[in-house]
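Presented below is the structure to which this report refers.
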Amino acid sequence: MQRTKVDVILGIQWGDEGKGKIVDVLAPKYDIVARFQGGPNAGHTIKFDGKTHVLHTIPSGIFHEGKVNVIGNGVLIDACIIREEIEGLRQAGVEPRERMKISDKAHLILPTHRLLDAALEQKKGSKKIGSTVKGIGPAYTDKVARCGLRMGDISVPAFAEKYAALKEEHLRQLRNLDFDLDAARIDGKTLAEYEQDWMAGIAELRHFEVLPTEIYLNRALDQGKTVLAEGAQGSLLDVDFGSYPFVTSSSTVTAGVCVGLGIPPSSIGKVYGVFKAYCTRVGSGPFPTELHDATGEELRRKGHEFGATTGRPRRTGWLDLPSLKYTLMVNGITDLVVMKADVMDEFDTLKVAVSYRLDGKEMEYYPNTEQAEKVEACYVEMPGWRSPMSQARQYGDLPENFRKYLDFVSRETGGKISVVSVGPDREETIFKD
Ligand code: IMP
């Protein structure tokens, strides 16, 4: 039996590219779907049978019977949020206990991590990152500082003691930050109320299979099983390659699959890079092609560009090819997946950034954060396609000007377009070859 490789799906902009839909569409081809980084800062929206489902921690393959979903060691779990997701799935007729395995090495987001996130953002004032305030930064900080709590801890007798010690340390840090603990609310709840729900979540998680998922996954590959690794956020929010410090705290790039699931680099197969035909960003940080005009507003309105996790309006702008080339490079993208071009169906013309200019000079490389704040994007203008694409089911059905637009993106980036999404539903997806 030949060992199989892990295929990967990543967002290659600033997140919210529509990965959840693509994982859901591709899931039937795979035996296992695995999340490898991030936590409930993600919001993966999946639409089918006229219903919308939003997942935060649970892999997007959960709706498919017979598939195993894995929460890998690189993921962060908030017991309260995952419990709500589990209950939502049960209401939709899905029992996640039968379909999901969790790494014993995945770290927990404690209620006090969420307070620390809020306190640290507050302290930053005008330099705030625009975090989702789900406790991501503080929980990954504790992981790296070697004092975090992991899923494997929830079943040991000393769990309550370990929890209390870490909470006490967090409260000490919060007092040092002059944080008003009495006034603090987490999703509208006091710390004590949130903690109660969180503990109920821990009790629920004890019913799940918690195991060294790196061993499970590598054995599955040895047995010829197929695995799809599902990324969260996007490459431009990567802790190393994103516009630091306006990034998330995990490795959102292909290399993150290796450390977040325990997969050797030689076992990476296809890498699907998901991008929107325009750009969006939530939170602070540079955005060279950002639009502050009626076109930007139209993209936001037609594209429903409001955060699935926080409800915040997303910043919008034209497609940015220099940044796309960069993320293709760091990820080794083999297949491009284009999303939401239908949002621009009625545009007479549209623009695509092909380079940046800084101090009157063309830039040959991707800018660092300081430069990115100052660069001027240089555009080419293209004619719109002015016809709806949602009925198209084959590549040849797509409007001609849209196909020209895709050819241009492909030529400029050197990437191969493999999948085109023409609407939010599962059915509205075209595989090029
Ligand atoms: P954090 O990961 O919640 O701390 O947020 C850090 C930055 O990443 C902020 O700018 C967030 O808006 C952004 N971010 C985090 N998760 C997502 C996501 O799933 N989609 C889009 N942006 C995200």
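With respect to the conditions (1) buried (at least 20 other Cβ atoms within 10 Å of the Cβ); (2) at pLDDT below 95; (3) not charged (D, E, K, R), Gln37 falls short on a single one, namely (2).
Scanning segment 379-406 for residues that are surrounded by 14 or more Cβ atoms within 10 Å (Cβ to Cβ) and either hydrophobic (A, V, I, L, M, F, W, C) or not assigned by TED's automatic domain parsing to the domain that holds Gly303 (or both) yields a count of 7. Checking segment 253-265 against the condition returns a match, with at least one residue being within 17 Å of Asn41 (Cβ to Cβ), assigned to a loop (DSSP other than H, G, I, E, B) and more than 12 Å from the ligand (Cβ to nearest atom). Taking residues in segment 289-301 that are under 21 Å from Ala372 (Cβ atoms), and partners anywhere that are β-branched (Val, Ile, Thr), the pairs with Cβ atoms closer than 6 Å and at least 6 places apart or on different chains are Leu291/Thr316; Gly296/Thr316; Leu299/Thr316.
The single condition from (1) closer than 22 Å to Lys374 by Cα; (2) not in a loop (DSSP other than H, G, I, E, B) that Val343 fails is (1). The residues of segment 91-100 that are in a loop (DSSP other than H, G, I, E, B) and either in contact (Cβ under 8 Å) with a residue 24 or more places away in the chain or under 11 Å from Leu55 (Cβ atoms) (or both), listed by number, are Ala92, Val94, Arg99. Restricting Glu362, Glu305 to residues that are within 16 Å of the ligand (Cβ to nearest atom) and either charged (D, E, K, R) or modelled with pLDDT of 95 or more (or both) narrows the list to Glu305.
Of the residues making up segment 48-68, those that are touching a residue at least 40 places away in the same chain (Cβ under 8 Å) and within 21 Å of Ile81 (Cβ to Cβ) are Lys51, Val54, His56, Ile58, Pro59, Ser60, Gly61.
Kindly check whether there is at least one residue in segment 27-34 that is modelled with pLDDT of 95 or more and either within 16 Å of the ligand (Cβ to nearest atom) or surrounded by 24 or more Cβ atoms within 10 Å (Cβ to Cβ) (or both). So far as segment 27-34 goes, yes, one or more of its residues are modelled with pLDDT of 95 or more and either within 16 Å of the ligand (Cβ to nearest atom) or surrounded by 24 or more Cβ atoms within 10 Å (Cβ to Cβ) (or both). Val70 meets each of the listed conditions (1) closer than 20 Å to His207 by Cα; (2) out of contact with any Lys or Arg (no Cβ under 8 Å at 6 or more places or on another chain) apart from (2). Across segment 222-242, the qualifying residues are those that are near the ligand (Cβ under 10 Å from one of its atoms) and either of a type in the set (A, V, I, L, M, F, W, C) or surrounded by fewer than 24 Cβ atoms within 10 Å (Cβ to Cβ) (or both), and the one among them that is farthest from Val337 (Cα to Cα) is Val239. In segment 314-329, the condition of being within 16 Å of the ligand (Cβ to nearest atom), outside any helix (DSSP H, G or I) and hydrophobic (A, V, I, L, M, F, W, C) is met by no residue. Within segment 141-159, the set of residues being in a loop (DSSP other than H, G, I, E, B) and touching a strand residue (DSSP E or B) at 6+ places or on another chain (Cβ under 8 Å) comprises Gly148, Leu149.
Any residue that is of a type in the set (Val, Ile, Thr), more than 16 Å from the ligand (Cβ to nearest atom), closer than 30 Å to Phe287 by Cα and touching a helix residue (DSSP H, G or I) at 6+ places or on another chain (Cβ under 8 Å) - is there at least one of those in segment 8-22? Looking through segment 8-22, at least one residue is of a type in the set (Val, Ile, Thr), more than 16 Å from the ligand (Cβ to nearest atom), closer than 30 Å to Phe287 by Cα and touching a helix residue (DSSP H, G or I) at 6+ places or on another chain (Cβ under 8 Å). Considering only residues that are within 26 Å of Ile102 (Cβ to Cβ) and in contact with a Gly (Cβ under 8 Å, 6 or more places away or on another chain), which ones fall in segment 258-288? If the condition is that a residue be within 26 Å of Ile102 (Cβ to Cβ) and in contact with a Gly (Cβ under 8 Å, 6 or more places away or on another chain), then Val259, Gly260, Leu261, Gly262, Ile268, Val271, Val274 are the ones that fit. Counting residues in segment 408-419 that are farther than 27 Å from Ile9 by Cβ and touching a residue at least 24 places away in the same chain (Cβ under 8 Å) gives zero.
Mind checking which residues of segment 350-383 are at positive phi and in a strand (DSSP E or B)?
Result: no residue meets the conditions.
Apart from one condition, Ser421 fits all of (1) surrounded by 15 or more Cβ atoms within 10 Å (Cβ to Cβ); (2) farther than 15 Å from Asp342 by Cα; the exception is (2).
The values are calculated or read from the model by the stated rules, or taken from the named source; none is laboratory data. These numbers come from a predicted model, not from an experiment. Every residue, glycine among them, receives a Cβ derived from its backbone with ideal geometry; neighbour counts consider all protein chains shown.
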